[in-house]
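Visitor: The following block contains the structure, expressed as C-alpha cells.
Taken together, the values in this text are just the output of simple stated rules run on the coordinates, not laboratory data. Quantities reported herein were computed from a predicted structural model and do not represent experimental measurements. All Cβ positions, glycine included, derive from the backbone under ideal geometry; neighbour counts span all protein chains shown.
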Amino acid sequence: MDNPPKKLLDQVADALRVRHYAYRAEQTYIQWIRRYILFHDKRHPREMGAAEIEAFLTHLAVAGHGRTPHPLHPIIRLC
C-alpha cells in the first residue's frame, strides 16, 4: 500500500531535523514559509521564483513587519 506524499511543511521539518536544527529554529522557518505561501495566495513555492521572494521581502520591509527573514531563501529552495 502506497503512502501519500508528505505535505510541504512536514517535508521541511524533516529536512531541518536531519540537519540537526534546533526545534525553535525549525518552528521559525516553518512559520516564515507559511507566511510566504499565504502572502502569495497559497501557491506552492515550487511554482514561484526570485520575483516572488523579492515581492514578499519588499512587502515585509514596507509594511514594517520587523526583520527580513534572510534564512528564508535557502529553505524555499529546499521545497
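Visitor: If you go through the stretch 5-23 one residue at a time, how many are surrounded by fewer than 13 Cβ atoms within 10 Å (Cβ to Cβ) and among the aromatic types (Phe, Trp, Tyr)?
Guide: 1
Visitor: Name the single residue, out of those in the stretch 1-35 being charged (D, E, K, R) and in contact with an Asp or Glu (Cβ under 8 Å, 6 or more places away or on another chain), that is nearest to Leu57 (Cα to Cα).
Guide: Arg17
Visitor: Ok, one more. Quick check on my filter: what residues within the stretch 1-34 are of a type in the set (S, T, N, Q) and within 15 Å of the chain's Cα centre (by Cα)?
Guide: Selection gives Gln11, Gln27, Thr28, Gln31.
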